[in-house]
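One structure below.
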Amino acid sequence: PLTGAHDLMLRAPEWARLHQPDVVVRIGSSPTSKALRQWLEGHPPEHHILIDPHRGWNEASFTLTEVLHGPPGDLCGATVRRLGELGLGRGSSGWTRAWLEADAGAQREIDAIVDSGPLLEAGVARALGRVLGPDTLLMVANSMPVRDVDSFWPPDSGCGAVFANRGANGIDGLVSTAVGLQLGDPASRPICLLTGDLALLHDVGALLSAAGTGVDMTVVVPDNGGGGIFSFLPVSGAVSGEDFLRLFHTPPEVDLAGLGEIEGVTLHRATDIGELVTALGTSIGRAGVDLIRVEVDTGLNVAQHRLIVERVTATLEVPGGER
């Protein structure tokens, strides 16, 4: 069983306190979710096991109790088989059922808000999770795109594989990475790149040359006119409007519509989920570069994110902490 809204669910403090795990198994790097990381730091499990096949020791919180070096698939497969022998099958515990029921409630709240409001960043990430199938790759940019996928991606998505460049310089070579992933894929699956406007412009040179490579790439850009992530941080209320805009939001003063003039690039504009789904259906699987631009109002986007957190928390934090 999978849950997709854990980042939102763990922002409900009483529910998170009552649903702590005894054992955590992590594969690879530290999680993107700040809520998940802080939850594990505040409520350390008895066993926190890292499966680290590359011996990278990517650990920001220092809460690990064991580290295993080996193929994750083999280790997880052996664990599942052993649990089956012990009669601990899928969804067999009350703890697991509580998580799945809470996630189902959170998913309903996300759908209700996203489907009834304007197309903003949460809706873009959610639509991609529903549209992209096993024959499509997804590349996700740093900043808000990777966080929106972490928070709003539906748990039953059938996307073939998801990639991201993480680290201090994860913005570098973003478009180039997506092009290389598609051209190097043994099955020649098309790729969709979800990126903000600043990250796209940072590697716009790769976009200029991509069309001549024969790549099959769809670029989806929630265009909020700068660094929208800073509007979620305390600095947005600590710095005056004009200074915040200049120093943190950093509007690029470049009209992304002009990128549609590049030879081999087809520009689409989506103002609602229906138009986004139609554009994706037209572009994915067609050779060349398709750029789908979704104009996003930063103020509305922040308000929608906060409303989703409030609604999900309200569904979990009932009197006495019981569902």
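Tabulated data
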{"read-out": "Residue 101 paired with residue 65, simple spin-label distance in nm, labels 7 Å along Cα-to-beta-carbon", "value": "2.7"}
{"read-out": "Rel. contact order, % - alpha carbon contacts under 8 angstrom, at least six apart, the chain", "value": "19"}
{"read-out": "Gain in span if fully extended, residue 86 to residue 188, counting 0.36 nm per residue against the direct Cα distance", "value": "32.5 nm"}
{"read-out": "Matching label, Rg and Dmax of the Cα atoms in Å computed from the structure shown, candidates [x] 19.6, 61; [y] 18.7, 56; [z] 20.7, 63", "value": "[z]"}
{"read-out": "Loop GluC sites (Glu not before Pro), region 1-101 (other Cβ atoms within 10 Å of the site Cβ: 11 or fewer; DSSP)", "value": "46"}
{"read-out": "Ranking by accessible area, most exposed first, for 298, 3, 278 with a 1.4 Å probe", "value": "278, 3, 298"}
{"read-out": "Residue among 307, 276, 229 farthest towards the positive dipole end of region 224-323, charges placed on Cβ", "value": "307"}
{"read-out": "Theoretical gain in end-to-end length, residue 130 to residue 235 [0.36 nm per residue, Cα-Cα removed]", "value": "34.4 nm"}
{"read-out": "Charge dipole magnitude, Cβ of K and R +1, D and E -1 - the chain, Cα centre, debye nearest 20", "value": "760"}
{"read-out": "Prolate/oblate/rounded call for region 112-270, Cα gyration tensor, a/c under 1.5 rounded", "value": "oblate"}
{"read-out": "Rel. contact order, % - alpha carbon contacts under 8 angstrom, at least six apart, region 1-114", "value": "29"}
{"read-out": "Tilt relative to the chain, helix 121-131 - C-alpha long axis, 0 to 90 degrees, to 10", "value": "80"}
{"read-out": "Exposure rank, largest accessible area first [197, 150; 1.4 Å]", "value": "150, 197"}
{"read-out": "Overall form of region 187-265 per C-alpha gyration tensor (a/c, 1.5; a/b vs b/c)", "value": "prolate"}
{"read-out": "Farthest toward positive dipole pole in region 40-101 [+1 Lys/Arg, -1 Asp/Glu at C-beta], among 43, 70, 88", "value": "88"}
{"read-out": "Value of [θ]222 nm, deg cm²/dmol, for the chain, DSSP H segments ≥ 4, -39500 (n - 2.57) each, nearest 500", "value": "-12500 deg cm²/dmol"}
{"read-out": "Cα-only Debye scattering, region 69-183: base-10 log of I(q)/I(0) at q = 0.10, 0.13, 0.23 Å⁻¹", "value": "-0.45, -0.74, -1.22"}
{"read-out": "Shape of region 1-59, Cα gyration tensor, a/c cut at 1.5", "value": "prolate"}
{"read-out": "Alpha-carbon Debye profile of region 240-295, log10 I(q)/I(0) at 0.27 Å⁻¹", "value": "-1.03"}
{"read-out": "FRET efficiency, residue 37 to residue 263 (Cβ-Cβ, R0 35 Å, nearest 0.05)", "value": "0.20"}
{"read-out": "Region 252-323 - charge dipole about Cα centre, Lys and Arg +1 at Cβ, Asp and Glu -1, debye rounded to 20", "value": "300"}
{"read-out": "Accessible area, probe 1.4 Å, largest first, for residues 193, 36, 2", "value": "2, 36, 193"}
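The values are calculated or read from the model by the stated rules, or taken from the named source; none is laboratory data. Since this is a predicted model, take the numbers as computed values, not measurements. FYI the Cβ positions are ideal-geometry reconstructions off the backbone, even for glycines, and counts take in every protein chain you see. Remember, those area values only see protein heavy atoms, side chains included, never the ligands or the DNA or RNA. Shrake-Rupley method; radii C 1.70, N 1.55, O 1.52, S 1.80 Å.
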